[in-house]
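The values are calculated or read from the model by the stated rules, or taken from the named source; none is laboratory data. This structure is a prediction, so every number in the text was calculated from the model and none was measured. Positions of Cβ are backbone-derived with ideal geometry, glycine not excepted, and every protein chain shown enters the neighbour counts. Note: accessible area is taken over every heavy atom of the protein model, side chains too, but ligands, DNA and RNA are not part of it. Shrake-Rupley method; radii C 1.70, N 1.55, O 1.52, S 1.80 Å.
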Amino acid sequence: MVINPAPARSLYDGDRPAEKTFVPSGTKVLERTLFLPFQRAEVFQFFSHAENLGLITPPGLEFEITSPLPIAMQVGALIDYRIRLHSIPMRWRTRIERWEPPHLFVDYQLQGPYRHWIHHHEFREMGEGTEVTDRVWYRLPALGPFSRPAHAMVRKQLDSIFDYRASAVRNVFMAKSDS
């Protein structure tokens, strides 16, 4: 059964088309790139542990993983979370769709606040370190006349969350270099 017959377009990860990854037209994209002066294997290792998500998520979201830990990261792994946004509790479930250590992994929202959410994490060796790129394709549920202001508000929140995330990741890795 087709739930959303909207036309789809292919996503690209780096230089090549992503395998069987399509998103409906109208989907928004958020992209952030961060350089860390650490080897790719070490950087990927940090991101491959779901337990570290709490370290890089703004405290105001009250982020909590509700899946039993540790989570064996692999294609098909399910991760359940709970967050609070403006005091509203939300459950979120993602599935790992692609797992290609130490190059990339992709998680896909199965349940949560978005109509559509794909988070692509890419790790590239760059000189003396690693470039980490987050690309998120997201789409809100249909909100009628509230769609435009809701999209603006959500984008501002996502920008803030990913700005915090970049700062927190830098701090984690800089603390490693100090020790």
Query raised in the report: Looking at Arg155, is it more than 30 Å from Gln39 (Cβ to Cβ), in contact (Cβ under 8 Å) with a residue 40 or more places away in the chain and touching a Leu at 6+ places or on another chain (Cβ under 9 Å)?
Result: yes
Query - Residues satisfying the stated conditions in segment 82-107, i.e. touching a Ser or Thr at 6+ places or on another chain (Cβ under 6 Å) and either hydroxyl-bearing (Ser, Thr, Tyr) or open to solvent by less than 20 Å² (accessible area, probe 1.4 Å) (or both) - result: Asp107
Query raised in the report: What tally of residues in segment 158-171 results from selecting those that are among the small types (Gly, Ala, Ser) and without any contact (Cβ under 8 Å) to a residue 60 or more places away in the chain?
Result: 1
Report task. Being closer than 24 Å to Gln109 by Cα, surrounded by 14 or more Cβ atoms within 10 Å (Cβ to Cβ) and touching a helix residue (DSSP H, G or I) at 6+ places or on another chain (Cβ under 8 Å) is the filter here, so list the residues in segment 125-153 that pass it. Result -> Val132, Asp134, Val136, Tyr138, Leu140
Report summary line: Taking segment 157-179 and the residues there that are open to solvent by 40 Å² or more (accessible area, probe 1.4 Å) and at pLDDT 95 or above, the one that is nearest to the chain's Cα centre (by Cα) would be Ile161
Report task. Could you please let me know if Ile71 is β-branched (Val, Ile, Thr), under 18 Å from Ala50 (Cβ atoms), assigned to a strand (DSSP E or B) and open to solvent by less than 80 Å² (accessible area, probe 1.4 Å)? Result -> no
Query raised in the report: Of all residues in segment 38-65, which are out of contact with any Phe, Trp or Tyr (no Cβ under 7 Å at 6 or more places or on another chain) and in a helix (DSSP H, G or I)?
Result: Ala41, Glu42, Gln45, Phe46, Phe47, Ala50, Glu51, Leu55, Ile56, Pro59, Gly60, Leu61
